[in-house]
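Quick one: the structure is below, questions incoming.
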Amino acid sequence: MGRRFQEIAFTPLVKEHQKEHGSRGQYDRMEKSAPQGNDTLGSAEQDFIHRRDSFYMASVSETGWPYIQHRGGPKGFVHVLNPSLIGFADYRGNKQYISLGNFDHDNRVALFFMDYPYQTRLKILGRIEAHEHDSMAPELIKSFRSKDDSSVIERVILIHVEGFDWNCPQHITPRYTAEELEQTLAPVRERLANLETENADLKARLDSLKKGSPQIKA
């Protein structure tokens, strides 16, 4: 956990609850021992983000209501532009624009990147920078568009990372995508196919023996 994440997330009221439940001392030691300047994404965080095919994004409206949105795409659709900046292409959807409206009010955002099979979660706090009608938008949209992609990209969302934290795996239920299941089941299917081939060969040999030897009964 970076020091900046604690500074943002551990408000006075949060610290009071930590004291009540006995965890304040532990987090206080972690905060004091955390080196300065470690709040940018390291190689582990960058690789983790690059391998994700979805994430959850939370914003807050001008009326104070939180809102969570899911974003998905092919692995690597979230670009790590530098250790403090990530971004993604925002495609046309149901046209509610709730998150976009919330960002006009408050550009702060919280992200959850999940790896369900390995029960790992990366939390990121940052600030949004949306490019849609400005001079940077055309080039950004072009650079974020993947090959053979004809979907409508309405804007590019950049996120300036303020802090991050890894969560423990407790209570993360493992889930698997079709691709992940295919990788797991491929050796089983290959073994099953080999067994079926062996079984067919043995059956053919047995049938041949039966035809050549009338004494052999099924």
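The values are calculated or read from the model by the stated rules, or taken from the named source; none is laboratory data. Values in this document were obtained by computation on a predicted structure and should not be read as measured data. With ideal geometry, Cβ positions are generated from the backbone for all residues, glycine too; neighbour counts draw on all protein chains shown. Side chains are part of the model used for accessible areas, which takes the heavy atoms of the whole protein and leaves out ligands, DNA and RNA. Shrake-Rupley method; radii C 1.70, N 1.55, O 1.52, S 1.80 Å.
What accessible surface, in Å², does a 1.4 Å probe find on THR63, ignoring ligands, DNA and RNA and rounding to the nearest 10?
Accessible area, nearest 10 Å²: 110 Å².
As I understand it, the dipole of segment 136-192 uses +1 on the Cβ of Lys and Arg and -1 on the Cβ of Asp and Glu, about the Cα centre. Which of MET136, THR173, SER150 lies farthest toward its positive end?
The one lying farthest along the dipole's positive direction is SER150.
Also, quick follow-up: Roughly to the nearest percent, how much of the accessible area of the chain is carbon and sulfur, given a 1.4 Å probe? Show your work: numbers first, answer last.
Details: 7680 of 14310 Å².
Answer for the chain: carbon and sulfur cover 54 percent of the accessible area.
Then there's this: Write down the Å³ per residue value for the convex hull defined by the alpha carbon atoms of segment 33-129.
Values: hull volume 12.8 nm³, N = 97.
That works out to 132 Å³ per residue.
With +1 on each Lys and Arg Cβ and -1 on each Asp and Glu Cβ, how big is the dipole of the chain about its Cα centre, in debye rounded to the nearest 20?
So the dipole magnitude of the chain works out to roughly 880 debye.
Can you give the Kirkwood hydrodynamic radius of segment 155-218 from its Cα pairs, in Å with one decimal?
On the way: mean 1/r = 0.0557 Å⁻¹.
After inverting the mean inverse Cα-Cα distance, the result is 18.0 Å.
Could you give the accessible area per residue of segment 63-218, probe 1.4 Å, as a whole number in Å²?
Values: 10540 Å² over 156 residues.
Here the residues of segment 63-218 average 68 Å² of exposed surface.
Taking segment 8-54, which trypsin sites (Lys or Arg not before Pro) meet the DSSP loop condition and have no more than 14 other C-beta atoms within 10 Å?
Numbers: sites: LYS15, LYS19, ARG24, ARG29, LYS32, ARG51, ARG52; in loops: ARG51, ARG52.
The qualifying sites are ARG51.
Let me ask something additional. Give me, ordered by chain and number, the residues 5 or more places off ARG52 or on other chains with an amide H under 5 Å from its own placed amide H.
HN-HN under 5 Å from ARG52: GLY76.
For n ≥ 4 DSSP H runs only, could you compute -39500 (n - 2.57) per run for the chain, divide by its residues and tell me the 222 nm figure to the nearest 500?
Details: 7 runs with 86 residues, N = 218.
Rounded to the nearest 500, the figure is -12500 deg cm²/dmol.
Hey, another quick one. Show the residues, 5+ positions off or on another chain, whose built amide H is closer than 5 Å to the amide H of GLY163.
Counting only residues 5 or more places away or on other chains, the set is LEU125.
Give the residue from ILE86, MET114, TYR56 lying farthest towards the positive end of the charge dipole for segment 12-125; charges sit on Cβ (+1 for Lys and Arg, -1 for Asp and Glu) and the dipole is referred to the Cα centre.
Sorting the options by dipole projection puts first MET114.
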